[in-house]
Amino acid sequence: MGQLISLRRGADSARLKIAARQIMNDLAVGDSIAVNGVCLTVTDFAAGVFNADVMAETLAKTNLGALAPGSRVNLERALRLGDRLGGHLVSGHIDGVGEITKREKRDIATLITIYAPAAVMRYVIKKGSVAIDGTSLTVVDYGPDYFVVSLIPHTARATVLGDKQPGDRVNLEGDLIGKYVERWVTAGQGTQDMQDTEEENPGGGSITGDFLAKHGFL
């Protein structure tokens, strides 16, 4: 975790100055750092501090604009190819902002219920993955407009989620693979594949139950 030192607002943008320790090793200008799950670019840095610019779109679609000096934030460097993947693939592009509606202890676990917009809920499945302020978590349960995750004590201590309470807003990112699957199913695979699909599925490139059954998926 890091701590916000300042948030300087421009007309339609902002500059974040963040104090950090672990992620500063080998840091370079232009590197990507996820701040509460939002992929930002390091514009300059000094000992224990880095700066990042935030554009209007990011301020409008994430919770970064609500941060105040002293706020703790989750920080993560970009994944190196070949590294162990302990969570799930996260792009740092936020799908929506949710709100914590319930927090309860159950033995060692902390269950957190989060209201989420439809743009996020479309990718939520039981036992699937979701990123909350950049933290990869497993979905315990879900309903039409909410889902539940469970924090082990380590996650509660090591991330900002341990301090979050009902009413707090969090950045949400749906599963990246789920997005590609959705896109493939609704738009086809490519020019040649679309042509093949058109021949076998007259009337369009969309995938139907009959098409899936014919090709052994059902």
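The values are calculated or read from the model by the stated rules, or taken from the named source; none is laboratory data. Not measured: the values here are computed from a predicted model. Don't worry about glycine lacking a Cβ; one is built from the backbone with ideal geometry, like all the others, and counts go over all protein chains shown. In case anyone asks, the SASA skips ligands and DNA or RNA and just uses the protein heavy atoms, side chains included. Shrake-Rupley method; radii C 1.70, N 1.55, O 1.52, S 1.80 Å.
Cβ-Cβ distances below 6 Å connect the following pairs, each with a first residue in the stretch 153-176 that is of a type in the set (A, V, I, L, M), a second residue that is open to solvent by 60 Å² or more (accessible area, probe 1.4 Å), and a separation of six or more residues or different chains: 160/72; 176/89.
When we screen 88, 93 for residues that are part of a loop (DSSP other than H, G, I, E, B) and either among the charged types (D, E, K, R) or open to solvent by less than 30 Å² (accessible area, probe 1.4 Å) (or both), the only hit is 88.
Suppose we keep only residues that are among the charged types (D, E, K, R) and open to solvent by 10 Å² or more (accessible area, probe 1.4 Å) within the stretch 158-176. Which one would you say is farthest from the chain's Cα centre (by Cα)? In this case the residue turns out to be 163. Considering only the stretch 124-157, state which residues are surrounded by 14 or more Cβ atoms within 10 Å (Cβ to Cβ) and polar (S, T, N, Q). Within the stretch 124-157, 129, 135, 136, 150, 155 meet the criteria. Which condition from (1) assigned to a loop (DSSP other than H, G, I, E, B); (2) touching a Leu at 6+ places or on another chain (Cβ under 7 Å); (3) open to solvent by less than 50 Å² (accessible area, probe 1.4 Å) is the one that residue 33 breaks? Of everything listed in (1) assigned to a loop (DSSP other than H, G, I, E, B); (2) touching a Leu at 6+ places or on another chain (Cβ under 7 Å); (3) open to solvent by less than 50 Å² (accessible area, probe 1.4 Å), residue 33 misses just condition (1). For residue 85, the conditions (1) touching a residue at least 40 places away in the same chain (Cβ under 8 Å); (2) within 28 Å of residue 117 (Cβ to Cβ) all hold with the exception of (1). On the stretch given as the stretch 117-141, residues that are assigned to a strand (DSSP E or B) and out of contact with any strand residue (DSSP E or B) (no Cβ under 7 Å at 6 or more places or on another chain) total 1. Go through (1) in a strand (DSSP E or B); (2) without any contact (Cβ under 8 Å) to a residue 40 or more places away in the chain; (3) under 23 Å from residue 99 (Cβ atoms) one by one and return the number of the condition residue 60 breaks. Checking residue 60 against (1) in a strand (DSSP E or B); (2) without any contact (Cβ under 8 Å) to a residue 40 or more places away in the chain; (3) under 23 Å from residue 99 (Cβ atoms), the one that fails is (1).
Matching residues to (1) more than 15 Å from the chain's Cα centre (by Cα); (2) at negative phi; (3) of a type outside the set (Lys, Arg):
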site	(1), (2), (3)
31	yes, yes, yes
42	yes, yes, yes
48	yes, no, yes
58	no, yes, yes
64	no, yes, yes
81	yes, yes, yes
88	no, yes, yes
99	no, yes, yes
